[in-house]
Amino acid sequence: MAMPKGHKMSQGYATVAEGLDYRAISEIMTERGFKMNHATARNVLLSAMRSLAADILMAQGGEVSLEKVDRVSRSPQFQSGIADMLSDLYSTGVLTSQ
């Protein structure tokens, strides 16, 4: 879902030092046979973030409304935390890239 023109997230944007932007991700995916543009790359990422946020909220036993899941999944702090955890898992060898 696109942000309205001129919309600014109240908590800023998540940035990752060694990350890729949506356009770079879409180019890599297209080269690997998954036709994708930058908007689709963003939507896929946000879908994954919503799934993670919902699972974490359920594990905490708190309220799991669609609005709360969406708010948490779009939070730059949440996205940065997920990126940090994945980075730690890759650096310790628990996860490997294919």
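The residues on offer are Met36, Met49, Met58, and the sole one that is at pLDDT 90 or above and in contact with an Asp or Glu (Cβ under 9 Å, 6 or more places away or on another chain) is Met36.
If you go through region 52-77 and keep only what is assigned to a helix (DSSP H, G or I) and either in contact (Cβ under 8 Å) with a residue 40 or more places away in the chain or of a type outside the set (A, V, I, L, M, F, W, C) (or both), you end up with Asp55, Gln60, Glu67, Lys68, Asp70, Arg71, Ser73, Arg74, Pro76, Gln77.
The values are calculated or read from the model by the stated rules, or taken from the named source; none is laboratory data. Fair warning: this is a prediction, and the values are worked out from it, not measured in the lab. Cβ atoms come from the backbone with ideal geometry, glycine included; neighbour counts cover every protein chain shown.
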